[in-house]
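Here is the structure we will look at, set down as structure tokens.
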Amino acid sequence: MIIIYFGGPPSLQILSYPFHLAQIPCPAPGPHKAAWRLHGLTSALTILFLLLALASREAKAAEADSPGEIVLGMSTVLTGNAGNLGKDMQRGILTGLERANRNGGVNGRKLRLITLDDGFEPTRTGPNMRQLIEKDHVLAIIGNVGTPTATVSVPLVNEQKILLFAPFSGGPILRNDPPDRYVINFRAGYAEETAAMLDALINLAGLRPEEIAFFTQRDSYGDAGFTLGMAALQRHGLRDPKSVLHVGYERNTLAVENAVADLILAEKLPRAVVMFGTYAACAKFIKLCRDSDLSLLFLNVSFVGSSSLAEALGKTDARVIVTQVVPDPSDDSIPIVREYQDDLKDIDWSASAGFGDLEGYIAARILTLAVQNIEGPPTREAVIDALEGLGNFDIGLGETLYLSRTEHQASHRVWPTILRGDRFEPFQWSEIAALSKGEAPP
């Protein structure tokens, strides 16, 4: 007898096996008897295997239709001189996912994040990405940090056909035109941040292109920033690129002394320096410049990590501007900022919101908004279709965001901030004229 049990969770149990079929009597004499027995056993086994296959298929179908986990991956920097950048993004993303989980998950499925440390080194990003994609089988990658690491992750996600969503970078490699199907951004790009700075310096403060220098990290991040900056200066009439001073330092080091020396020895001292580096290196550069009585206006893009930069600088009279891609995280008049402040208290009551973690939180909120629109089990292709299908949408940022098949960057807004005391606060570009003349920030 064969007894097959279907019940409870998708499963199949064989309670007894028909060994006795081999003993079925055969009325035919002679050598046909053994053949008949074998035929009977083969038929019974065929029926058994068909039933097993049917049960397995039904079990898999039931498993696919039942609520489970949505697992996301993140390869980021958690250690070294840029470690706070990854930790901030991770904290914001986890806070956004936890908000969804407290409300029952997304369509009944809880969300989980697997984070691997790449130390801001591209050589470690590749193995991390393959681990997440091929072994951990994540639905999507979210919040990776850096342009140098993106040079590895972008080709991989295109090859593996998996989403890279809202990386913490404004690099051009993440913003191809037409866009890569598997790369979708939230934030404004470095081209937009740099253009905002240089437009203000030239149009409002009256600086000439030759009076603006660049301090950059020597890798694809710094190279992208310098290239975008030079393009913007040329739009403002720069004729001789060699007239623009360009100094730099090596990634994951604090070796900025030569960059400061190059400034000191410059034939003509610039009035402003645009910076593309991480918080520890930029803080040391600014401090050494002030120690050398260099009275410059320092401007940096959002990637620097404002909170960490302010902490690393400590008390200073330096005039420091940072462009941001999210609003002031202390402005609770903005709905999503207020929600983040409340949700963050549920994760860590002593923590305060910052620009980097607010960006991670917004990324998580956008992704969960899209995934909840997927009918049936979420797949890697379905999540991209869902994001592209958002069109115009509002998550409480104070302005409408937009994603489509041809637009893979949701926001193009840049918010200027200035260092006042121990934190960066909003300011108006109209104030830059006074700052450029050496006046302290109001």
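Table for the structure above
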{"item": "DSSP-loop trypsin sites (Lys or Arg not before Pro) across region 314-351, with at most 11 other Cβ within 10 angstrom", "result": "Lys315"}
{"item": "Region 247-319 and region 373-442: distance between their alpha carbon centers, rounded to Å", "result": "25 Å"}
{"item": "Spatial separation of Cα centroids for region 166-207 and region 144-160, in angstrom", "result": "17 Å"}
{"item": "Global geometry of region 70-158, whether rounded, prolate or oblate, following the gyration tensor of its Cα atoms and the 1.5 cut on a/c", "result": "oblate"}
{"item": "Fraction of antiparallel bridges per DSSP, region 232-329 only, in percent to nearest 5", "result": "0 percent"}
{"item": "Spatially proximal lysines relative to Lys284 (Cα-Cα < 22 Å; intrachain offsets below 8 disregarded)", "result": "Lys87, Lys315"}
{"item": "Loop-located chymotrypsin sites (Phe, Trp or Tyr not before Pro) in region 334-442, at most 11 other Cβ atoms within 10 Å (DSSP)", "result": "Trp349"}
{"item": "Three-way shape label, region 324-415, alpha-carbon gyration tensor, a/c 1.5", "result": "oblate"}
{"item": "Electrostatic dipole magnitude of region 326-391 [Cβ: Lys, Arg +1; Asp, Glu -1; Cα centre; debye, to 20]", "result": "100 debye"}
{"item": "Cα-based shape type of region 220-344, given that a ≥ b ≥ c are square roots of the gyration tensor eigenvalues and the cut on a/c is 1.5", "result": "prolate"}
{"item": "Residues with amide H under 5 Å from that of Phe120, placed H, sequence gap 5 or more", "result": "Val77, Leu78"}
{"item": "Accessible surface of region 335-416, 1.4 Å probe, proportion on carbon and sulfur as whole %", "result": "45 percent"}
{"item": "Karplus-derived 3J(HN,Hα), 6.51/-1.76/1.60, for each residue of region 217-222, Hz, glycine and proline x", "result": "6, 8, 6, 5, 5, x"}
{"item": "Under Karplus coefficients 6.51, -1.76 and 1.60, residue-wise ³J(HN,Hα) of region 287-292 in Hz, glycine/proline x", "result": "4, 5, 5, 5, 4, 9"}
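The values are calculated or read from the model by the stated rules, or taken from the named source; none is laboratory data. Keep in mind it's a predicted model, so treat the numbers as computed, not measured. No Cβ is skipped: glycine too gets one built from the backbone with ideal geometry, and neighbour counts run over all protein chains shown. In case anyone asks, the SASA skips ligands and DNA or RNA and just uses the protein heavy atoms, side chains included. Shrake-Rupley method; radii C 1.70, N 1.55, O 1.52, S 1.80 Å.
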